[in-house]
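Notes for the one structure printed next.
The values are calculated or read from the model by the stated rules, or taken from the named source; none is laboratory data. Predicted model, so just to flag it, every value in this text is computed and none were measured. We place every Cβ from the backbone using ideal geometry, glycine too, and count neighbours over all the protein chains shown.
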């Protein structure tokens, strides 16, 4: 999900410290988000014909990791620029995600990173781009390892993980509404075009290989 960027003039807008910083409240929100997304993953992969429990667990892990690292990368970039940034659950989105775990229609939107601070168009664009870039890297890593190692028990799970992460990148790079893509597009059209093209190619390759 794209970061929710709000105007804020406070201490985080004036100073930057290295490393990710989490509040206790945020840790709780992240934990609930992980549980919800994992539940959706289980509903997707348990009846999917994977060879054994290890493949199911791996598929759920790749699925959930793609979501949470996407969000935490938004957070890391925002904090790098000296802004306040924390993951927050959305009541409506969390309910929809929970319903998705027991329904055939899947919506994964338990929450998003809320960002506040004095910023620029470039920093907003870079913060927004960080999430999809992470998904592209995860997809590339899983796809590459699957081709090189060809693990018999995890191959299908790795390929599904690559495909889902690549699709997450494409979906979030749509240059419309609240998506990351619109923020990247407004900052730099060439950067958006390169990222979208790479994500689309990764999606096509990974889904073709399934």
(request) Look at segment 194-210 and say how many of its residues are closer than 15 Å to residue 130 by Cα and either out of contact with any helix residue (DSSP H, G or I) (no Cβ under 8 Å at 6 or more places or on another chain) or surrounded by fewer than 16 Cβ atoms within 10 Å (Cβ to Cβ) (or both). (result) 1
(request) Kindly indicate whether residue 69 is modelled with pLDDT under 85, surrounded by fewer than 22 Cβ atoms within 10 Å (Cβ to Cβ) and not in a loop (DSSP other than H, G, I, E, B). (result) no
(request) Hey, could you check segment 124-143 for residues that are without any contact (Cβ under 8 Å) to a residue 60 or more places away in the chain and surrounded by fewer than 19 Cβ atoms within 10 Å (Cβ to Cβ) and say which is nearest to residue 161 (Cα to Cα)? (result) 141
(request) Could you please let me know if residue 55 is crowded, with 18+ Cβ neighbours inside 10 Å and outside any loop (DSSP other than H, G, I, E, B)? (result) yes
(request) Hey, can you tell me all the residues within segment 79-93 that are within 15 Å of residue 26 (Cα to Cα), touching a residue at least 60 places away in the same chain (Cβ under 8 Å) and assigned to a helix (DSSP H, G or I)? (result) 79
(request) Those residues that are touching a strand residue (DSSP E or B) at 6+ places or on another chain (Cβ under 9 Å) and closer than 21 Å to residue 165 by Cβ, I need them from segment 21-69; list them, please. (result) 30, 33, 36, 68
(request) Determine whether residue 109 is modelled with pLDDT under 95 and more than 14 Å from residue 164 (Cβ to Cβ). (result) yes
(request) Would you mention how many residues in segment 167-193 are closer than 17 Å to residue 122 by Cβ, assigned to a helix (DSSP H, G or I) and in contact with a helix residue (DSSP H, G or I) (Cβ under 7 Å, 6 or more places away or on another chain)? (result) 9
(message) Can you go through 155, 149, 121 and tell me which one is surrounded by fewer than 16 Cβ atoms within 10 Å (Cβ to Cβ), in contact with a helix residue (DSSP H, G or I) (Cβ under 9 Å, 6 or more places away or on another chain) and either under 30 Å from residue 27 (Cβ atoms) or without any contact (Cβ under 8 Å) to a residue 60 or more places away in the chain (or both)?
(response) 149
